[in-house]
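Some notes on the structure that comes next.
Just so you know, all these numbers are worked out from the coordinates, no wet-lab data involved. In this text the structure is predicted, and so the values were computed from the model without any measurement. When we count neighbours, we look across all protein chains shown, and the Cβ atoms used for this are built from the backbone with ideal geometry, even at glycine.
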Amino acid sequence: MAAAIKVTSAGEIATAFAANDEFLSRVAKNFWPGAVVMMEPGDDFYAAPYCLLKAEEDGAPVAYVVFTSYKARNPHYAASNDMKYDAPLVAPCTDAVMENLGVDEDHKFTFYAWAAGKDVDTALEDNAVKVTCDEMGWEFPADWRQSRRQQSKARCVGPVWDLEKYPRGMRNPYPPRSASQAGGIPGMQSCWSLEPGPGGSHEDSLKKIVICGPKTVEREIEWQRKAHRYIN
């Protein structure tokens, strides 16, 4: 799956990443309705930065930051349709996006040859911003990550990992027995969409979260049942 988000200035790069955060939160919501689900970077449906596409509109250059996932499913398209603004152009693959935008290989700039699972980290995100700015002739926005965080908090409809604080050791973890224990897991409160509950803690938000790792949706229901991914 490829999701392309239009960027016309360095200041909009943070908005593109925030839009992808919202997109990811809506993908999870559409895959698992009724549950609060947080996809890990290694999930088959997690969209990570892949490349920059340089296109032209009305004779002026525009950039499209493309985020890709290993698999494409209907919830990806539904998630884009549900977004009120900055909705990505979603297609089965990057080639389909390029054909739609009229972009050839000479105007495609990859952030890395391939990124999935453990390769999806802050270094990949920073390189995506650097490549985009270098190719478009923009100054690197030093505050882009902070701006992205602020926008993501307002936009996401479910929890999304902050990769700056993503705990690698938490990949497919055994869940704690209580929400209070969950609150003590490093990185859990770094999810941009988590807000304190009525009692002033994160407990109400955390206790029903599902941590989703690299599993296909066909096996997801069985996997959750056997692994008890609910934190409660």
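A few notes on this one:
- Charge dipole (the range 1-127, unit charges on Cβ, about Cα centre) - positive-most of VAL7, PRO61, HIS107: VAL7
- Value in Å of the Kirkwood radius, where the range 1-133 supplies the Cα pairs that are averaged: 14.8
- Links that overshoot a 26 Å alpha carbon limit, given the list LYS6/LYS84; LYS6/LYS130; LYS108/LYS130; LYS108/LYS165; LYS29/LYS153: LYS108/LYS165
- Straight-distance crosslink candidates among aspartates and glutamates, where the alpha carbon sits under 16 Å from LYS71 and sequence neighbours closer than 8 are dropped: GLU40, ASP43, ASP44, ASP95, GLU218, GLU220
- Close amide H partners of CYS51, meaning residues 5 or more places away or on another chain with modelled amide H under 5 Å apart, are VAL66, PHE111.
- Sorting the segments 16-29, 89-102 by their residues' average number of neighbouring beta-carbon atoms within 10 angstrom, most packed first, yields 16-29, 89-102.
- Karplus-derived 3J(HN,Hα), 6.51/-1.76/1.60, for each residue of the range 43-50, Hz, glycine and proline x: 5, 4, 10, 6, 8, 10, x, 10
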